[in-house]
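One structure is given here, and the rest of the page talks about it.
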Amino acid sequence: MTEITLDFQPQMSRAMIAGEKICTTRRSKHGECGDTFTISGTSGQEYTFKILSVVKTTLKKAIEEYYELEGFKNPDEMFNFWIKAYDIQNTYQFTREYHKQPVFLHFLTPA
């Protein structure tokens, strides 16, 4: 088990602390099963999480099938968050090809 660094937007950290987010989608694999990382809450308290598993999939599948586990209300909300987080131009080309983009789902639990 290794302590790794995983950064999250503040709203995603809050969702994890509240138990509303149990996975994160990343462009590359970040850590292995059993690895841990720490995030800070709004009051400065630290929370440690552990990676349960990492699954390779496509961005489209992650958005359509795992949006709730990511802490989003619907696929559009996750799609729009992804575009903003990665500063992607929402062009016809991107929307036409995002089903091919490989991503890694990291399933998480409080440690």
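Some points to look at:
- The chain, relative contact order in percent, only Cα pairs under 8 angstrom and at least six apart counted: 37 percent
- Stretch in the chain that is longest and holds no GluC sites (Glu not before Pro) that DSSP places in a loop and that have at most 16 other beta carbons within 10 Å: 69-111
- With the biggest extent put first, the Cα atoms of the chain measure 42, 27, 21 Å across the principal axes.
- Loop-located chymotrypsin sites (Phe, Trp or Tyr not before Pro) in the stretch 40-98 (DSSP state other than H, G, I, E, B) with a sparse environment of at most 15 neighbouring Cβ atoms within 10 Å: 86.
- Using only side-chain charges placed at the Cβ, +1 for Lys and Arg and -1 for Asp and Glu, the dipole size of the chain relative to its Cα centre rounds to 300 debye.
- In the context of the full set of protein chains, the chain has a per residue accessible area of 60 Å² (1.4 Å probe).
- Based on DSSP H segments of at least four residues, each scored -39500 (n - 2.57), the chain has a per-residue ellipticity at 222 nm of -8000 deg cm²/dmol.
- Carbon and sulfur %, accessible surface of the chain computed with the full protein complex present, 1.4 Å: 46 percent
- In terms of accessible area, using a 1.4 Å probe and ignoring ligands and nucleic acids, 106, 30 rank largest first as 30, 106.
- Scanning the chain for trypsin sites (Lys or Arg not before Pro) that sit in a DSSP loop and have at most 14 other Cβ atoms within 10 Å, the longest stretch containing none of them is 30-72.
The values are calculated or read from the model by the stated rules, or taken from the named source; none is laboratory data. None of these values were measured; they are calculated from a predicted model. Every residue, glycine as well, gets a Cβ built from its backbone with ideal geometry; the counts of neighbours run over all protein chains shown. For the accessible areas, the whole protein counts, side chains as well, though only heavy atoms, and no ligand, DNA or RNA atoms are used. Shrake-Rupley method; radii C 1.70, N 1.55, O 1.52, S 1.80 Å.
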